[in-house]
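Asks: Attaching a single structure in structure tokens format; questions to follow.
The values are calculated or read from the model by the stated rules, or taken from the named source; none is laboratory data. Keep in mind the model is a prediction, meaning the values are calculated, not measured. As a convention, Cβ positions derive from the backbone with ideal geometry for all residues, glycine included, and neighbour counts pool all protein chains shown. Please note that ligands, DNA and RNA were not included when accessible areas were found on the heavy atoms of the full protein model with its side chains. Shrake-Rupley method; radii C 1.70, N 1.55, O 1.52, S 1.80 Å.
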Amino acid sequence: MRAVTFEGRFKVEVKGVPDAAVQQPGDVVIKVTSSAICGSDIHFYNGRIPIPHTGWVMGHEYVGEVVEVGDEVTKLKPGERVVGASYASCGECFYCLRSWPSQCMKQEHFGSGMLPGAQAEYLRVPYGQSTLVKVPDGLSDERAILVGDVLPTGYFAVERGEVRRGDVVVVVGSGPVGLCAQMCALMVEPKVVIAIDSVPERLELSRRIGAVPVDLNAEDPGGVIREHTEGRGADAVLEAVGDQEALRSCFQYVRPGGTISAVGVYSEAQFQFPMFLAYLRDLTFRIGACPAKNYLAKLLSMIERGKLDPTLILTHSLSLEEAPHGYDMFANHKESCVKVVLKP
Ligand SMILES: [Zn+2]
Ligand SMILES: [Zn+2]
């Protein structure tokens, strides 16, 4: 089968790889109808998360059709359309039973150098019943694909930020996760969602979603936030970039007693936490990887009912063969690229 493989820094290729097949009784093999390129794929692509070996299949965001199931799979059958989380979780361990699939003791991450990824014609999904959900009839791939990773991550950021009706919410970052966080925050009916980024095209999407865009290169975000809060600072600050500078800025934007909720992917081991300031101001600080699987069905239902429309974020649709161009566009902010969908 054809697949997108990692071939070293700034190099992906589309080439033939071994076919996906059922290996364990809980496996489900799907024919991928759409996959997407994610910011975390870019962490591998640009070497920020270094993986020494090459030739492995990338990608962890997908929609597809079941083609083969293992002996233990009773709830899914060939022909059904499914979407799944970016990592497989067993559904049975200590953490899975406590709704923390992101801490599953047997978790396997698609497209991170070990388990082959979703930017391919076919995908083997371990623990298929626990990892996949059916896509409601009539919901296009484009409307469904973001529920596996970036949309639940945005939703999780809002939940952990304890966003309440009437709040002033700041979202640091207007990339795909930031835009999803802005969308999900707006569902809670806050007073305002302020979106901070430095890429004009991304800020334009924030404006279209209903947030107030602030261009880091043109305005002082702290000043804008103070204007909306009688000088206090934001009730909740959601961090969706994943670097030290962005994380540090959250401590400047949040009001005393407020909450910082960080969901950006950090690859640095250390961060100098402003302990004294956090103590004095009674801040709540949360960070973590989203247990995406918990939100799949809920978000699909919200999309189906028209409460959420994440398709605005999908700026490019390419064939699988055009993946190298997609990576280049996304990684280097070319052609106003925010999110690429690949069609095998
Ligand atoms: Zn992703
Ligand atoms: Zn588990």
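Asks: Applying the Karplus parametrisation 6.51 cos²θ - 1.76 cosθ + 1.60 with θ = phi - 60° to the phi angles of segment 63-78, what ³J(HN,Hα) value in whole Hz is obtained for each residue in order, glycine and proline being reported as x?
Replies: Calculated HN-Hα couplings, in order: 10, x, 10, 5, 10, 8, 10, x, 4, 8, 8, 10, 9, 10, 9, x Hz.
Asks: Let me ask something else about it. Sort 215, 137 by accessible area with a 1.4 Å probe, largest first.
Replies: Highest to lowest solvent-accessible surface, that is 137, 215.
Asks: Still on this structure, I have one more. Which ³J(HN,Hα) values in Hz, rounded to whole numbers, follow from the phi angles of segment 116-133 under the Karplus curve 6.51 cos²θ - 1.76 cosθ + 1.60, where θ = phi - 60° and Gly and Pro get x?
Replies: With the stated coefficients, segment 116-133 comes to x, x, 9, 7, 7, 6, 9, 9, 8, 10, x, 6, x, 5, 8, 9, 10, 10 Hz.
Asks: Let me check something: with ligands and nucleic acids excluded, how do 56, 100 order by accessible area (1.4 Å probe), largest to smallest?
Replies: 100, 56
Asks: Summing Lys, Arg as +1 and Asp, Glu as -1, what charge do residues with Cβ under 13 Å from the Cβ of residue 31 carry, residue 31 excluded?
Replies: Here the charged neighbours net out to -2.
Asks: Something else: Straight-line reach from residue 106: which aspartates and glutamates fall under 12 Å, measuring Cα to Cα and dropping same-chain residues less than 8 apart?
Replies: 92
Asks: Taking H as built 1.01 Å from N, whose amide H comes closer than 5 Å to the amide H of residue 234, not counting residues under 5 places away?
Replies: 254, 255
Asks: Here's another thing I want to ask about it. Can you pull the one-decimal nm distance between simple spin-label points at residue 217 and residue 270, each 7 Å off the Cα toward Cβ?
Replies: About 3.2 nm separates the two model spin labels.
Asks: Over all distinct Cα pairs, what is the inverse of the mean 1/r for the chain, reported as the Kirkwood hydrodynamic radius in Å?
Replies: About 20.4 Å, per the Kirkwood formula over Cα pairs.
Asks: Amide H neighbours of residue 49 under 5 Å, at least 5 residues apart or on other chains, H built in the peptide plane: list them.
Replies: Amide H to amide H, under 5 Å and 5 or more residues apart or across chains, residue 49 pairs with 44.
Asks: Sort 92, 204 from largest to smallest accessible area, using a 1.4 Å probe on the heavy atoms of the protein chains.
Replies: Order by accessible area, largest first: 92, 204.
Asks: Specify whether the C-alpha gyration tensor of segment 51-131 places it in the rounded, prolate or oblate class, a ≥ b ≥ c being the square roots of the eigenvalues: rounded for a/c under 1.5, otherwise prolate if a/b is larger than b/c and oblate if not.
Replies: Here segment 51-131 falls in the oblate category.
Asks: For residue 1 and residue 248, what does the FRET efficiency come to when R0 = 45 Å and r is the distance between their Cβ atoms, rounded to the nearest 0.05?
Replies: Given R0 = 45 Å and the Cβ-Cβ separation, E is 0.55.
Asks: Still on this structure: Filter 15/134; 293/339; 11/293 down to the pairs with a C-alpha to C-alpha distance above 25 Å, please.
Replies: On the way: 15/134 29 Å; 293/339 21 Å; 11/293 30 Å.
As for pairs spanning more than 25 Å Cα to Cα, those are 15/134; 11/293.
Asks: To two decimal places, what compactness ratio does segment 118-230 give when its Cα radius of gyration is scaled by 2.2 N^0.38 Å?
Replies: Details: Rg = 16.8 Å, N = 113, 2.2 N^0.38 = 13.3 Å.
Taking the Cα Rg and dividing by 2.2 N^0.38 Å, one obtains 1.26.
Asks: Tell me, what is the 1.4 Å probe accessible area of residue 19, in Å² to the nearest 10?
Replies: Probe radius 1.4 Å; accessible area of residue 19 about 110 Å².
Asks: How many angstrom lie between the C-alpha centres of segment 140-209 and segment 283-337?
Replies: Cα centroid to Cα centroid, the span is 11 Å.
Asks: Along its three principal axes, how long is segment 151-287 when you only count alpha carbons? Whole Å, largest extent first please.
Replies: 38, 35, 30
Asks: Please give the solvent-accessible surface of residue 238 in Å², to the nearest 10, using a probe radius of 1.4 Å with every protein chain present.
Replies: Solvent-accessible area, nearest 10 Å²: 0 Å².
Asks: What list of ³J(HN,Hα) couplings, whole Hz, do you get for segment 180-192 from phi and the Karplus terms 6.51, -1.76, 1.60, once you set θ to phi - 60° and write x for glycine and proline?
Replies: 5, 4, 4, 4, 5, 5, 5, 5, 7, 6, x, 5, 7
Asks: Applying 1/(1 + (r/R0)^6) with R0 = 22 Å to the Cβ-Cβ distance of residue 189 and residue 298, what FRET efficiency is obtained, to the nearest 0.05? Working shown, then result.
Replies: Values: r = 18 Å, r/R0 = 0.83.
It comes out at approximately 0.75.
Asks: Tell me the accessible surface of residue 290 in square angstrom (1.4 angstrom probe, heavy atoms of protein chains only), to the nearest ten.
Replies: Approximately 10 Å² of residue 290 is accessible to the 1.4 Å probe.
Asks: Sequence gap at least 6, Cα distance under 8 Å: using those rules, report the relative contact order of the chain to the nearest whole percent.
Replies: Relative contact order of the chain: 18 percent.
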